[in-house]
1. Check LEU59, LEU19 and return the single one that is surrounded by 19 or more Cβ atoms within 10 Å (Cβ to Cβ), aliphatic (A, V, I, L, M) and over 25 Å from GLU137 (Cβ atoms).
2. Are there helices (runs of 4 or more DSSP H) fully within segment 71-172 with at least 1 residues that are assigned by TED's automatic domain parsing to the domain that holds THR25 and at pLDDT 85 or above? List them.
3. Quick test for you: out of LYS29, LYS23, LYS51, pick the one residue that is over 22 Å from THR117 (Cβ atoms) and charged (D, E, K, R).
4. Within segment 129-139, can one find any residue that is surrounded by 15 or more Cβ atoms within 10 Å (Cβ to Cβ) and in contact with a strand residue (DSSP E or B) (Cβ under 6 Å, 6 or more places away or on another chain)?
Amino acid sequence: MAISKDKKQTLVADLTELLSSSKMTVFAKYQGLTVAELQELRRAARENGVKIKVVKNRLVRVAMGEIAVYKDTDTSNLTGQLLYAVSDNDEVMPAKVLHEFAKSHSALEISGAFNDTGANLSTDEVKALAQLPSKNELIAQVVAQLLSPVTDSISGLSGGLSGIVSGLEAHAA
């Protein structure tokens, strides 16, 4: 069934708003996935703050043309049946969600991505991003590194104090 011109304009307006606020947009081929599997993917994405959109590539191109950052972005790789994973608060999460889902569903094939600067990322770059720890994990690692001298000093002092106390007890006895 054909989409009316008004509906297309509404879709393009929604896509323009979504893409302009997006930090990362990952696109993947989904041909061969069942409706139940797509619903499972949408559920996993929603839990991680990622939106999954299935729209015609031509409408995505039109929406990208309306955004200054994406005007010069090469869209020649937007071919076939694609779904778009978009996140407005985490650069890595769309890649992580699709990569994790693709591990158990071989029909999903990551094709590439666009970041918030309009750069076109290859499949290998998206998979490398998916391997990175999440933002919260990175923050925890930095905090642990900053606190390690303090915890080492405390453990050294507490070990030394208990040694002194046990030595005094042994001397007194």
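1. Checking each option against the conditions leaves just LEU19.
2. Per the criteria, 93-104, 123-131.
3. From the options LYS29, LYS23, LYS51, the qualifying one is LYS29.
4. No, that holds for no residue.
This table checks each residue for (1) buried (at least 19 other Cβ atoms within 10 Å of the Cβ); (2) of a type in the set (Gly, Ala, Ser).
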position: ALA28; (1), (2): yes, yes
position: VAL50; (1), (2): yes, no
position: TYR70; (1), (2): yes, no
position: THR79; (1), (2): no, no
position: ASN89; (1), (2): no, no
position: VAL92; (1), (2): yes, no
position: ALA95; (1), (2): yes, yes
position: GLY118; (1), (2): no, yes
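Okay, residues lined up against (1) in the same structural domain as LEU108 (by TED's automatic domain parsing); (2) within 15 Å of VAL92 (Cα to Cα); (3) part of a helix (DSSP H, G or I); (4) at pLDDT 90 or above:
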site: ALA13; (1), (2), (3), (4): yes, no, yes, no
site: LEU19; (1), (2), (3), (4): yes, no, yes, no
site: PHE27; (1), (2), (3), (4): yes, yes, no, yes
site: ALA36; (1), (2), (3), (4): yes, no, yes, yes
site: LEU41; (1), (2), (3), (4): yes, no, yes, yes
site: ARG46; (1), (2), (3), (4): yes, yes, yes, yes
site: ILE52; (1), (2), (3), (4): yes, yes, no, yes
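The values are calculated or read from the model by the stated rules, or taken from the named source; none is laboratory data. Because the structure is a prediction, the values reported are computed rather than measured. Counting neighbours? That spans all protein chains shown, and the Cβs are built from the backbone with ideal geometry, glycine included.
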